[in-house]
């Protein structure tokens, strides 16, 4: 968001800065649907905390007119920090201007309820700024913390600005009030968002979140996915309650999915009529499609072998943080230009796409290097560093001194130019990907940049499950890791990956290390070295041939080998349908935002 100047004025949001400041103007159809649900009587007063291009205010005026308000414009209120929101939208579209206790040219988080002449409000609607914690400045963070403290709320650590807007807005609602928001997908997936959802459940009689498949902001230059939040029956904190989140009661937020805005309308209507198929939002967004038959299939599959989490078997950590990947990880052409010999370069896994199969080999790295990939890590542990005038010393000297001193990552290392921690992993795990989770065994060995997680298999403890100890004892270290690499390709584990991960942007799935550790695997009760090797080579070949679905079917046969064929087929069919649904929901529907 723009920052106030020394005189309190605010610079307008340029087109270039829109995305950086989280400014995405609301499509009219979406604003109409939310206002039609939220605004119900001619007496409703409506607040839009960040009105921007006035999409919600125009829709609110039309809805107020539809329910019989004598002068709908008099029932509208709002804030925005962009002058263009007033001169370019509020005045031309609605004939309204700042002042009069109704519209404030200020950051909403710096406005108090008693400054509005019409508050508290019956309805809050909006599309808050989609600004991450890292893109907010210290003043904005301070304003956010102060505003939430006044209203009796807190957000989780490193929460985005939308969370502060949503929670602070509840302090402006009347008892029994309603709110309707267009929120980013982080409402469904981010760790801190669980805290926000808990507060909504505590303070409202009922609420619904609808994950929207259609991307609403394509015209704004982003594929950010959207969650629609509706909540009604607001309960203010009594003055005699602890204002740190004490609850007077709670309910489960329901979650549904709508492919389009037309389906969104149908979902809202079904919810209002008590006919909704929405499920309680418990933990993860996947609860919207993990229903009874899927839960039964998950339990049947888990009972067919040893069901564990990846974290039971291995530690998952981020790759090395260089602080300047383009400088430290280079391609062959750049190495030749700088006279850097092979002796001062080491291969490193910098992109998961470099590995087509289930194991990283020297041939994979050679192929990627020949194709021009950046995968050569500058190795400053080589003795050439001590030779004055050597290509390696000249290369390091080319890094600008000012940038070097300003780089926080460099300051954390004993030697600013040596990012490798000397801990090559047993395997790799993707950080973000389109298809599904994989464990890639490290046969080189090398390490990876922080775009890829590193996997270190554990030694099982004596108090580990007897089945785990028995299965582990029958295999070599290599066989044990290969069994895990096959297992994670199964439909069971692929679905678990969807449940534990979070969707971003153009539908990529992302796992932080803690989320990767929660993915469940099944290991068959009887494992032999030859059997594991055969399964591993089969899935590796399928992946290298570009047939991930064939690899998945092979993995299903491996992990569910003890199941009767008919039971296995039925179980896999149910799990596969849920997996397809999960992947469909996270991939964007690229069409114009029309109802």
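Values quoted throughout were computed directly from the atomic coordinates according to the rules given, and no laboratory measurement underlies them. Not measured: the values here are computed from a predicted model. Here Cβ is always computed from backbone atoms with ideal geometry, including for glycine, and neighbour counts include all displayed protein chains.
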### Query
Normalised by the number of residues in region 321-411, what is the relative contact order in percent for Cα pairs under 8 Å and 6+ residues apart?
38
### Query
How would you rank 97-104, 298-305, highest first, on the average number of other Cβ atoms within 10 Å across their residues?
298-305, 97-104
### Summary
Final fewest-first order of 363, 540 on the 10 Å Cβ neighbour count is 363, 540
### Query
How high is the FRET efficiency between residue 259 and residue 387 when r is their beta carbon distance and R₀ equals 45 Å, given to the nearest 0.05?
0.10
### Query
Taking only DSSP H segments of four or more residues, each worth -39500 (n - 2.57), what value at 222 nm results for the chain once the sum is divided by all its residues, to the nearest 500 deg cm²/dmol?
-10000 deg cm²/dmol
### Query
When ranked by the protection proxy of mean other Cβ atoms within 10 Å per residue, highest first, what sequence do the peptides 543-549, 385-391 form?
543-549, 385-391
## Note on the structure
Plugging the Cβ-Cβ distance of residue 512 and residue 62 into 1/(1 + (r/R0)^6) at R0 = 35 Å yields, to the nearest 0.05, a FRET efficiency of 0.25
### Task
Compute the relative contact order of the chain as a whole-number percentage, counting only Cα pairs closer than 8 Å that sit 6 or more residues apart in sequence.
13
### Query
Which shape class, rounded, prolate or oblate, goes with region 545-584 when its Cα gyration tensor gives a ≥ b ≥ c as root eigenvalues, a/c under 1.5 marks rounded, and past that a/b bigger than b/c marks prolate?
oblate
### Task
Please work out the ratio of the alpha-carbon Rg of the chain to 2.2 N^0.38 Å and round it to two decimals.
1.10
### Query
How big is the gap, in Å, between the Cα center of region 539-561 and the Cα center of region 562-577?
15
### Task
Have a look at the DSSP beta bridges in the chain and tell me what percent are antiparallel, nearest 5.
65
### Message
If you average the alpha carbon positions of region 310-387 and of region 159-202, how far apart do those two centres end up, in angstrom?
### Response
42
### Approximate shape of region 400-489 as ellipsoid semi-axes (Cα gyration tensor, √5λ), whole Å, largest first
35, 16, 11
## Note on the structure
Sorted on mean Cβ neighbours within 10 Å (highest first), peptides 109-116, 38-45 come out as 38-45, 109-116
### Query
Could you give the length gained on full extension between residue 93 and residue 549, defined as 0.36 nm per residue of separation minus the Cα-Cα distance, in nm?
158.9 nm
#### Entry: Pairs of alpha carbons in region 321-411 whose separation is greater than 18 Å (percent)
49
#### Entry: Residues 170, 491 arranged by fewest to most Cβ contacts within 10 Å
170, 491
### Task
Could you line up 563, 481, 432 from fewest to most neighbouring Cβ atoms inside 10 Å?
432, 563, 481
